[in-house]
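Taking it in order: structure first as structure tokens, then the write-up.
The values are calculated or read from the model by the stated rules, or taken from the named source; none is laboratory data. No experiment lies behind these values; they were computed from the predicted model shown. As a convention, Cβ positions derive from the backbone with ideal geometry for all residues, glycine included, and neighbour counts pool all protein chains shown.
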Amino acid sequence: MKNLYKMFFCILLSFFTFILAMGIGSVFIPPLQTINILFYKLFNFSFMEIDKTFLSILWKIRFPRVLLAFICGAGLSLSGSIIQSLLKNSLASSYTLGVSSGAALGASICILFKVYIFGIFSVQIFGFVFGIITVFLAIGIATKLDRTMQNNAIILTGMAFSLFANSVLSIIMTFAKEDLQSLIFWQMGSFSMKDSIYILVLYPVVLVIFFVVFLKHRQMDILTFGDEQATISGIETKKIKLFLLSMSSLLTGFIVSVVGVIGFIDLFTPHITRKIFGANHKYVLFMSLILGGTFMVLCDLIARTIASPIELPVGAITSAVGAPFFIYLYFDKRK
């Protein structure tokens, strides 16, 4: 019952954050006017007169951006909660498996060599494909090294691939004088100038993967007790690990390929979720979505307003918060 109250409070907090983020900007839109416009556009109902300027700014610019930020934060947080659960390591994230580094490498190759064979989706497709290739290579080699897919083998192999992808990326950037600024900005992540079509692509992907993974929440609970206990309980540990790692990688690959590399949110949001709701994955998976999305919306709000009219990369804001938290996790784990 306590968890239900906590869930209600977090969802309410998320809603108010959503409204606040849509209202704050170069033109301030009062919260009541924001809610009124949303009701008008979504349900064709309004309880006060609508300002046409506010309507245009909110519906065409801010609402799509906040929506995109929320779903990206939710997806990355969900991905992190899956990886941390499987590897039983609170310091694990999509970086651990090399998904983010691989996606960054693919997108950078596309930008540098101008391989726009897929039109406006070229960067996204290259990023996604390279991210998925990287993680499956890492998992494949880890399986060869250790057929039981032990957590340490996966982590070490993933880190090795991540470092390799980053080194190639650094070499590419030395030759990318003309595109250096766009490469750096893309690697730090941003929601600016993103077409609404990306929302239509990402929302179904994140929701489908969430429901597919949520059906496995009981197996994930049992896996936390160790592979041996899970095997005794009748779970095919290797098969379920491979499936869940694939889902997590697909999720991160899709998001990173669209908005760039945004670090640390998949590291600390799942950890905070477990602190609040415990280890039951029925709560952890769902609330990671909510808290991750809410935190990303807040970070994006800070990124576009703190140095206005200059917009900071949202990845810089999440890293500024996440880096100290990473140090705290490390020393807390040692203790």
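Consider the stretch 271-285 and keep the residues that are surrounded by 19 or more Cβ atoms within 10 Å (Cβ to Cβ) and among the hydrophobic types (A, V, I, L, M, F, W, C). The one that is farthest from the chain's Cα centre (by Cα) is Phe277. Please go through the stretch 96-128 and pick out each residue that is within 21 Å of Ile82 (Cβ to Cβ) and aliphatic (A, V, I, L, M). Those that are within 21 Å of Ile82 (Cβ to Cβ) and aliphatic (A, V, I, L, M): Leu97, Val99, Ala103, Ala104.
Checked against the criterion of being assigned to a helix (DSSP H, G or I), closer than 17 Å to Val99 by Cβ, in contact (Cβ under 8 Å) with a residue 40 or more places away in the chain and in contact with a Lys or Arg (Cβ under 7 Å, 6 or more places away or on another chain), the candidates Leu267, Leu244 yield just one match: Leu244. The single condition from (1) of a type in the set (Ser, Thr, Tyr); (2) within 17 Å of Phe161 (Cβ to Cβ); (3) touching a helix residue (DSSP H, G or I) at 6+ places or on another chain (Cβ under 7 Å) that Tyr116 fails is (2). Out of the residues in the stretch 227-241 that are touching a residue at least 12 places away in the same chain (Cβ under 8 Å) and assigned to a helix (DSSP H, G or I), which is surrounded by the fewest Cβ atoms within 10 Å (Cβ to Cβ)? This residue is Lys238.
The set of residues from the stretch 275-316 being in a helix (DSSP H, G or I) and either without any contact (Cβ under 8 Å) to a residue 12 or more places away in the chain or of a type in the set (Asp, Glu) (or both) comprises Lys275, Asp300. The residues on offer are Ile272, Ile262, Ile255, and the sole one that is in contact (Cβ under 8 Å) with a residue 60 or more places away in the chain and in a helix (DSSP H, G or I) is Ile255. Screening Asn36 on (1) surrounded by 13 or more Cβ atoms within 10 Å (Cβ to Cβ); (2) under 23 Å from Glu311 (Cβ atoms); (3) among the polar types (S, T, N, Q) shows it passes everything except condition (2).
If you go through the stretch 114-136 and keep only what is farther than 28 Å from Thr157 by Cα, in a helix (DSSP H, G or I) and at pLDDT 80 or above, you end up with just Ser122.
Taking the stretch 203-217 on its own, how many of its residues are over 30 Å from Pro64 (Cα atoms) and loosely packed, with under 13 Cβ neighbours inside 10 Å?
0
Among residues of the stretch 103-120 being over 18 Å from Leu267 (Cβ atoms) and buried (at least 17 other Cβ atoms within 10 Å of the Cβ), the one that is farthest from the chain's Cα centre (by Cα) is Leu112.
Per the conditions (1) at pLDDT below 80; (2) surrounded by fewer than 19 Cβ atoms within 10 Å (Cβ to Cβ), the sole criterion not satisfied by Met188 is (2). Scanning for something at pLDDT 80 or above, of a type in the set (A, V, I, L, M, F, W, C) and within 22 Å of Pro204 (Cα to Cα), does the stretch 96-105 turn up at least one residue? The answer is yes, given that some residue of the stretch 96-105 is at pLDDT 80 or above, of a type in the set (A, V, I, L, M, F, W, C) and within 22 Å of Pro204 (Cα to Cα).
So that you can scan it fast, the table gives a plain yes or no per residue for (1) closer than 18 Å to Met296 by Cβ; (2) of a type in the set (Lys, Arg); (3) not in a helix (DSSP H, G or I):
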| residue | (1), (2), (3) |
| --- | --- |
| Asn3 | no, no, no |
| Lys6 | no, yes, no |
| Ile11 | yes, no, no |
| Thr17 | yes, no, no |
| Leu20 | yes, no, no |
| Phe28 | no, no, yes |
| Ile35 | no, no, no |
| Phe39 | no, no, no |
| Ser56 | no, no, no |
